[in-house]
Amino acid sequence: MAEAPSTAPNEVAKLKRELGFKDLALFYIASSLSVRWIATAAASGPSSIAVWLLALFGFFLPLAASVLELSSRYPDEGGLYVWAQRAFGDFSGFIAAWTYWMSNLPYFSAILYFAAGSALFAGGDRGKVLADESSYFLGFTVVALAVITLSNMLGVKQGKWINNAGAIASTVPVAALMVLGILFWHRQGSATHFTIAAMQPHLSLKNAIFWSTIFYAFAGVECASFMGGEIRNPRRTVPRALVFAGVVVTLGYILGTIAMLVALPGDQISGLGGFMTAMAQMCRTLGVGWMAPVIALMIALASLGGAGAYLSSTSRLPFVAGIDHYLPAIFGRIHPKWNTPYVAVFSYGLAGMIFAVLSQIATTVKGAYDVLVAMSVITYFIPYVFLFLATIRLQSEPAGPEVMRLPGGKRTAIALASIGLFSTIVTIGLSIVPESDEPNKPLAIVKTVGMTVLLVGAGVVTYALGKRRQRRAGLTVIS
């Protein structure tokens, strides 16, 4: 690990510990609970319930356990970056952070476009006028990112309100869906027959690809630890908030999917628009049509919260990389008044805006953007390989009495991390497989793998340049 004489600890010490249990629990909910995944799961029918349980035990519990263990052992600012660096050295730490950082850039435009569409739904017929206006979606996305970026530059205390409001807003539509589902079933009966045969998953390549998608609906609980230096008593706060939010997210996904299938059969539900379609139908049938626009606004606010959560946390990765001189030192600066890594936050927000603009420019650039999105598929999963391997590797280091261990200690941690690692590797393999409607499957595979190699290669080059900066700055490197 690069050891700066005094800059790193001094800079991190300037950060304010503004995040408590409530803030962190809401942060986890904002980053992990999304109604889009409920619609995606329900579209595959009642067998998705079993897949949710498989994802719970095959990925979420191993991920949560690993984050709990590593956050308690090493509650430093940087999270995943620090864990991989400590387990496998500087290069692994940087590549883990680089792939996580880059793969999340297309997320902002995707989630904010979803928010913009939900806001139009709340406008009824007047909103439909803008449904095909690309300038509206671009303007919404850029303005929303600017507000999120500015608030996080001003401080965690200011930025966390967007996350907190988004978390509350994400639970309201899911809770409303459950209540309406019960009322709908009582008055109309269920549109889906929940038989044992119908709920049994069938193994096929197409279903396996869908399963991997559902697995990563549970992703995101690791990102709060990137802000370890801004959490009050992280060794105690992170585990408590993680357990609380995990229960809320799990129940929200499983019970929400059941409620949606009560209102509509799976073959009538689409991925992104399915949630509001089901909600609108239930509201009309139950005579509470006024609720649909309110729920649409809640979904838009929830999407803003999700974008805010990922921007505030993931922007800490270039901050710690700047401190270690793997990125230009300016990324590691703390604002003298706001006490925030303002350069890292601003640069990450600006990068998200650039990606949004690229999605709306001429067709050729739009095609390039689509390639970038495809390139991010595999790179999104690479950091989890580092995370689970780090959990296994770092069990060899002694844990002090202040560290919160899993029941069963080392054996449990290694077993759960191994399960999570297996799920991650399988998902990476499945993400290479093209969609069934892809006309040129070999080309699609070459493009996805090739662009992934290109992105990782860019990280390798950036790391090499960072090493050169370290030598020029006279820093020592500890293997």
* To do: Give, as residue ranges, the helices (runs of 4 or more DSSP H) completely inside region 261-326 that count at least 3 residues that are under 30 Å from A198 (Cα atoms) and modelled with pLDDT under 80.
  => 274-285
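Condition check ((1) aromatic (F, W, Y); (2) assigned to a helix (DSSP H, G or I); (3) under 17 Å from the mean Cα position of the chain (by Cα)) across all residues:
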site	(1), (2), (3)
I38	no, yes, yes
A41	no, yes, no
S44	no, no, no
A50	no, yes, no
L53	no, yes, no
F57	yes, yes, no
F60	yes, yes, yes
A64	no, yes, yes
L70	no, yes, no
* Does G306 satisfy being within 23 Å of S151 (Cβ to Cβ) and either touching a Phe, Trp or Tyr at 6+ places or on another chain (Cβ under 7 Å) or crowded, with 24+ Cβ neighbours inside 10 Å (or both)? -> yes
* Residues located in region 265-317, provided they are more than 29 Å from Y380 (Cα to Cα) and among the small types (G, A, S) -> A278, A280, G287, G289, A292
* Asked: How about region 123-200: which helices (runs of 4 or more DSSP H) wholly inside it have at least 2 residues that are touching a strand residue (DSSP E or B) at 6+ places or on another chain (Cβ under 8 Å) and modelled with pLDDT under 90?
  -> 156-188
* Asked: If you take the residues of region 430-478 that are more than 29 Å from the chain's Cα centre (by Cα), surrounded by 16 or more Cβ atoms within 10 Å (Cβ to Cβ) and among the charged types (D, E, K, R), which of them is modelled with the highest pLDDT?
  -> K467
* Structure fact -> Within region 387-402, residues being hydrophobic (A, V, I, L, M, F, W, C) and either under 19 Å from L105 (Cβ atoms) or modelled with pLDDT under 90 (or both) number 1
* Can R73 be described as out of contact with any His (no Cβ under 7 Å at 6 or more places or on another chain), at pLDDT 90 or above, over 22 Å from N163 (Cβ atoms) and of a type in the set (K, R)? -> no
* Output the number of residues of region 117-146 satisfying the condition of being touching a residue at least 12 places away in the same chain (Cβ under 8 Å), surrounded by fewer than 20 Cβ atoms within 10 Å (Cβ to Cβ) and under 22 Å from the mean Cα position of the chain (by Cα). => 2
* Which residues, counting only those in region 327-341, are of a type in the set (F, W, Y) and modelled with pLDDT of 85 or more? -> F331
* Among A292, A241, which is the only one that is buried (at least 18 other Cβ atoms within 10 Å of the Cβ), over 30 Å from L68 (Cα atoms) and among the aliphatic types (A, V, I, L, M)? -> A292
* To do: Could you list, in sequence order, all residues of region 399-419 that are surrounded by 14 or more Cβ atoms within 10 Å (Cβ to Cβ), assigned to a helix (DSSP H, G or I) and more than 25 Å from the chain's Cα centre (by Cα)?
  => K410, T412
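Given the options A356, A344, A362, A368, name the one that is within 16 Å of L311 (Cβ to Cβ) and modelled with pLDDT under 80.
From the options A356, A344, A362, A368, the qualifying one is A356.
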* Structure fact -> If we keep only residues of region 420-429 that are surrounded by fewer than 17 Cβ atoms within 10 Å (Cβ to Cβ) and modelled with pLDDT of 90 or more, then the residue nearest to L56 (Cα to Cα) is F422
* Asked: Would you pick out the residues in region 317-347 that are in contact (Cβ under 8 Å) with a residue 60 or more places away in the chain and over 20 Å from R469 (Cβ atoms)?
  -> H335, W338, N339, T340, Y342, V345, F346
* To do: Looking at (1) part of a helix (DSSP H, G or I); (2) surrounded by fewer than 24 Cβ atoms within 10 Å (Cβ to Cβ), find the lone condition where P336 falls short.
  => (1)
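The values are calculated or read from the model by the stated rules, or taken from the named source; none is laboratory data. These numbers were taken from a predicted model, which means no experiment stands behind them. In this analysis, Cβ positions are derived from the backbone assuming ideal geometry, glycine residues included, and neighbour counts consider all displayed protein chains.
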